[in-house]
Amino acid sequence: MSALGSGAFRWLLASSVAVYLGTGAQLTAIAWLALGSRGGAFTVGLALAARMLPNLLFGLPAGTLADQGNRQRLLAIVRVASILPSLGFAWLATLPADAVVPLVLLSFATGTATVFDTPTRQALVMDTTPREVAPNAMALNATMSRLSTALGALVAGILIPSAGVPSCFLATVAAFIIAVVLGLPTGRPTPNLQVRERHSRPSFGHALADAARLMFQVPEVRTLMIAAVACEIFGFSYATAVPVFARDVLHAGPEGLGTLNAAASFGGAAAVVVLSVVPGRVPRQPVLGGVFVIYGASMLLVAPAASLALAASALLITGACAASFDVLQQTLMQLAVPEEQRGRAVGLWVLGIGSAPVGNLEMGGLVAAIGAPAALAINGALVLAAAALLIVAAPAYRLRTRLVRGVGVS
């Protein structure tokens, strides 16, 4: 049965497309706005760190709330709230370039909306589809999200030089409004949702404590959290270096930044498609271990790139690894816990993302001090070191033994 056979999932997917079109444009515009402000490269890192900080502060509560409340209603509220920061950014883009404090505050606000959207949206994917096709639905949602993010980045690269940065943020507002409207039909009951709502629910405080205990009581969750922190700090921070790389190394302007961001998103979409056709009997842990290694190597390829085409090609691989790491980690997190704790598991994944501000600031400082190419090379080497530690410490993540054994299962 196809995941698209569910009407509620089709509406949710359409809403996701609108959300990530707006998000792709918004991220590119924020980076360009920060790059033109006082502080340059470090301000980019500061803005992205502020955007990721809510993951650390609100990751667990957001996942717990997704398990406790009406997910459809929560998603609609979050999407409406996300319109306000975009309007604020449109206003900010008309102010002098040294308005750094409003930039940081608005970035924090956009991150707060995202942190409550993510676990709710991911859990709704499984709520709106039959269990047997839920993994395919997750892959399809992730694919469309990344393709939409890529398209949004390309649109931003065109809008910024032709119509100005404020127009890009206003386009984001329009996309988020459309997402709210498209998400309304997901409110009708679905089989999975009805089952979930029949279960008795613990208090919010008790559920939050249960979510925190998962890190200590479930070894698989603990391993994934440690790997996530290392990858977030040294791997995902590559996005902080990309705006400076586009402007100062490639001399490509906002169009080049849009192209590089789109390349990473297109690579992510392609990787998710590949993951969706990997047989279920193949264990995902060794796949994640291999992706972790390639992630670091790809950053080492980006560092010496001397043309937009070479940099975009390398970022296709980097984006593919970033998306694969995300999807595999989300999947393994949810499979490691009971059904009724899926939202909290995604909340823990979001909490792991909360370490990203450290990486954004670290990368921003490195770029300001030694330049984007050297900073990318250093962090790429650190990602490789972290991947090696994971593979040595957790045999389940070794490719050669577990992957071959998994393929051989009849």
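The values are calculated or read from the model by the stated rules, or taken from the named source; none is laboratory data. Everything numeric in this text was worked out from a predicted model, so none of it was measured. Ideal geometry is used to build each Cβ from the backbone, glycine not excepted, and the neighbour counts take in all protein chains shown.
The condition (being within 20 Å of residue 258 (Cβ to Cβ) and either at pLDDT below 85 or surrounded by fewer than 24 Cβ atoms within 10 Å (Cβ to Cβ) (or both)) is satisfied by just one residue among 45, 5, 39: 45. Per the listing 87, 53, 74, the residue uniquely within 15 Å of the chain's Cα centre (by Cα) and surrounded by fewer than 24 Cβ atoms within 10 Å (Cβ to Cβ) is 53. Evaluate the following for residue 109: is it part of a helix (DSSP H, G or I), crowded, with 24+ Cβ neighbours inside 10 Å and within 21 Å of the chain's Cα centre (by Cα)? The answer is no for residue 109. For the range 259-311, a residue qualifies if it is part of a loop (DSSP other than H, G, I, E, B) and over 19 Å from residue 136 (Cβ atoms), and the qualifying residues are 303, 304, 305, 306, 307.
A count restricted to the range 222-258 and to residues that are in a helix (DSSP H, G or I), surrounded by fewer than 22 Cβ atoms within 10 Å (Cβ to Cβ) and either on the phi < 0 side of the Ramachandran plot or among the polar types (S, T, N, Q) (or both) stands at 11. Looking across 114, 143, 128, one residue alone is more than 25 Å from residue 261 (Cα to Cα) and touching a residue at least 60 places away in the same chain (Cβ under 8 Å). It is 128.
Comparison of 51, 121, 73 shows that the only residue that is within 29 Å of residue 14 (Cα to Cα) and modelled with pLDDT of 85 or more is 51. Restricting 9, 89 to those that are among the aromatic types (Phe, Trp, Tyr), closer than 17 Å to residue 120 by Cα and touching a Leu at 6+ places or on another chain (Cβ under 9 Å) reduces the list to 9. The test for being surrounded by 24 or more Cβ atoms within 10 Å (Cβ to Cβ), touching a helix residue (DSSP H, G or I) at 6+ places or on another chain (Cβ under 7 Å), of a type outside the set (Gly, Ala, Ser) and modelled with pLDDT of 90 or more does not hold for residue 333. For the range 12-30, the set of residues classified as buried (at least 24 other Cβ atoms within 10 Å of the Cβ), of a type in the set (Gly, Ala, Ser), in contact with a Leu (Cβ under 9 Å, 6 or more places away or on another chain) and closer than 18 Å to residue 261 by Cα consists of 24, 25, 29, listed by residue number. Residues in the range 146-188 that are at pLDDT below 85 and among the small types (Gly, Ala, Ser) were compared, and the one that is nearest to residue 72 (Cα to Cα) is 187.
The condition (being over 15 Å from the mean Cα position of the chain (by Cα) and touching a residue at least 40 places away in the same chain (Cβ under 8 Å)) is satisfied by just one residue among 228, 312, 262: 312. Report yes if some residue within the range 95-106 is part of a helix (DSSP H, G or I), touching a Lys or Arg at 6+ places or on another chain (Cβ under 9 Å), under 26 Å from residue 270 (Cβ atoms) and touching a residue at least 40 places away in the same chain (Cβ under 8 Å); otherwise report no. Taking every residue of the range 95-106 in turn, none turns out to be part of a helix (DSSP H, G or I), touching a Lys or Arg at 6+ places or on another chain (Cβ under 9 Å), under 26 Å from residue 270 (Cβ atoms) and touching a residue at least 40 places away in the same chain (Cβ under 8 Å).
When every residue of the range 51-66 is checked against the conditions, none turns out to be among the β-branched types (Val, Ile, Thr) and within 23 Å of residue 153 (Cα to Cα). If the condition is being surrounded by fewer than 23 Cβ atoms within 10 Å (Cβ to Cβ), touching a residue at least 24 places away in the same chain (Cβ under 8 Å) and within 28 Å of residue 128 (Cα to Cα), then the range 57-71 contributes 58, 61, 65, 68.
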